[in-house]
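Single-structure report; data block below.
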Amino acid sequence: MVQQPPPLPLDANGEVDLRAPLMSDTILQVRTGRMAPLAPLSIKSGINKTLRTGPVQITKLGLEGDEQDPTFHGGVDKAVHGYCAAHYKSWQQEFPQSADRFVPGGFGENLVLGFMNERNVCIGDVFEISDSTAMLQISLPRQPCFKLNHRFHLPNFAPNTYRLSRTGYYFRVLHPGPVAAGNKLTLVSRPHPDWTIERIQRYLHKETDNHDINLELSQIEEFGAECKDNFTRRVLRARAKANKKKPKEKWVDYRVVERKKQTEKITSFVLEAAAKFGEGEEEKELNPGAHAKVRLGNGLVRAYSIVDGDKERFQLAVALEEEKSRGGSKYLHQEVKVGDVLQVGAITAAVPTVSAASHHVFVAGGVGVTAFLAMVEFYKSIHYSVVLHYAVRSADEVPFRDRIEELKKEGQLVLYDKAAGQRMDIRQIIESRGWNSQLYFCGPKRLMEQAEKEVKELGVDQKEVHYEAFEADLGGDPFEAVVANKGGVVVKVGEDETLLEVLQKQFEQPDSSCCVGNCKTCLVELKAGRVDHRGTALTDEEKATSMLSCVSRGIGRVTIEI
């Protein structure tokens, strides 16, 4: 005869009382699963877990027969995932369109528990399993990822899990042993009674700048590395910020250590910092999709996409566009050689990382691939669903050929060779992108204009698209800008100047980065007046109160704040 679990504690409304003190709880289900395709995507996931009957052995790395994507799951700190069954009723009520998907096992948990949840378990809690030698310890809150959006077919669902504190939690295995449905988990030790999973999530996701709390959490030894390292980095950043006043613009000498002709028109340059970064000075790592502002020997300042590397050593690739060049690409191609020193200013992220998307669709033409190559490789390395559509005039114009061929071999790249009669159909790419996809475009002006046109005609949400232009129309009619927060000073912008250039000369503000309207670093507040908005970083709503000083132009006179 199967023994029934004891009744669950109920609140005044007859619902499971999630805040009832926890001494023990019953394991309702045990689940394991193998890595399998996450349809209709090409990537694999271990989120689909099936019900197990009878005892299953728990080892230091989890339940026997269970597989996880090791990029974000699994390992000693994430050996076993637990989830409260009572949460599913709430999800069903809040998202009735996906009610049939919110059933035990839906979150990919190994152990389905009755009322043990984020409000009544604390980091470091130790539990023994009845009729077993197994002993488990709470090590981490679960961090939501895009696979939950896909699992429940709800775009941007994942953040709800930590906002409502229904993520589930991970155990590490202190002692192996068997586990089966009907076993009890009994609390035997609670070293940190003040730090429930719910309270930790408050500071992990919401109040992220509380230095004292970050310091306290960074010192909890029982924390898994994922969270412990996160809080430690925050502490170090806060200390560095307190001890160092950031200059308006810091220019660093970099030596050109490699130069390579990638194609007839594209040349790559590897730049290495003349002085190594001191320990704790600043983070060397770069997010894929970053770009660097480079001061050239002829006095010009240009921003270029970083193909790969970190802040100490990185690679750029520049196309020579003699007809359109404003002098930057011509100087690099004709004058710069190995051993020369260039100055590098701001190194910033430009292409946003959209972790909530189920599928990432990159579309590039010509040298535009340099803005996306590292991102595509990064998404591929962490097992995200990604594809790069790349158009060139001929096969001879493909830079970084070995890396492009590797992506093609692995199915992450579609190459369009115009000389071979292959044409990229942007509209078809957009229409076939799939549910919950993110679009990214970078290429020559014609490609970008076509992309914007198709996106608008197909009604794609602006938040689902990123444009990374590498050329911009900067000139136009002269205009004036009243800088309201600088005593109402009026600055005049000539037909061959940008508002950014004029403001930086007079006020050393605002900061700038891409200089072609891709990011919002140079954004200024628009208080009054009409603007010829250029660039792609602002939504239609943002254009009512902001302008990009690097590319946009006032019409007549505008009033701004910087």
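The values are calculated or read from the model by the stated rules, or taken from the named source; none is laboratory data. What you are looking at is a predicted structure, and each value in this text was computed from that prediction instead of being measured. Here Cβ is always computed from backbone atoms with ideal geometry, including for glycine, and neighbour counts include all displayed protein chains. What goes into the accessible areas is simple: the full protein's heavy atoms, side chains included, and nothing from ligands, DNA or RNA. Shrake-Rupley method; radii C 1.70, N 1.55, O 1.52, S 1.80 Å.
Taking each of LYS228/LYS520; LYS418/LYS520; LYS337/LYS408; LYS78/LYS228 in turn, the alpha-carbon distance tops 23 angstrom for LYS228/LYS520; LYS418/LYS520; LYS337/LYS408. Computed extension gain for GLN97 through ASN287, at 0.36 nm per residue and net of the alpha carbon distance, reaches 64.8 nm. Computed from these coordinates, which is Rg/Rh (Cα atoms, Kirkwood Rh): (i) 1.02; (ii) 0.94; (iii) 1.30? The value computed from this structure is option (i). Solvent-accessible area of THR267, all protein chains in place: 10 Å² (probe radius 1.4 Å, heavy atoms, ligands and nucleic acids excluded). In the structure shown, the pairs LYS453/LYS527; LYS250/LYS486; LYS265/LYS492; LYS380/LYS527 are assessed against 32 Å; a Cα-Cα span above that value is assigned to LYS265/LYS492; LYS380/LYS527.
Looking at the chain alone, DSSP beta bridges between its own residues are antiparallel in about 75 percent of cases. Where does helix 369-381 land angle-wise versus the long Cα axis of the chain, in degrees 0 to 90, nearest 10? With rounding to tens, the tilt is 10 degrees. The antiparallel fraction among DSSP beta bridges confined to the stretch 33-147 stands at about 70%. Bridgeable aspartates and glutamates around LYS60 (alpha carbons under 13 Å apart, same-chain partners fewer than 8 residues away excluded): ASP77. Of the peptides 499-509, 360-370, the order by per-residue mean of other Cβ atoms within 10 Å, starting with the highest, comes out as 360-370, 499-509.
Take the alpha carbon gyration tensor of the stretch 2-128, find the square roots of its eigenvalues, order them as a ≥ b ≥ c, and report rounded if a/c is under 1.5; if not, report prolate when a/b exceeds b/c, else oblate. Oblate is the answer for the stretch 2-128, as a/c is 1.5 or above yet b/c matches or exceeds a/b. Taking every protein chain into account, the accessible area of the chain amounts to 47 square angstrom per residue (probe 1.4 Å). Listed peptides 408-420, 135-147 appear in the order 135-147, 408-420 once ranked by packing, highest mean of other Cβ atoms within 10 Å at the front. Between the listed residues VAL112, ALA158, LEU140, the Cα displaced farthest toward the positive end of the dipole of the stretch 92-160, a dipole computed from Cβ unit charges relative to the Cα centre, is found at ALA158. With coordinates expressed along the principal axes, the C-alpha atoms belonging to the stretch 342-439 extend over 42, 40, 23 Å, beginning with the largest. Using a probe radius of 1.4 angstrom, the carbon and sulfur fraction of the accessible surface of the chain is 48%.
Placing +1 on each Lys and Arg Cβ and -1 on each Asp and Glu Cβ, with no other charges, gives the chain a dipole about its Cα centre of roughly 240 debye.
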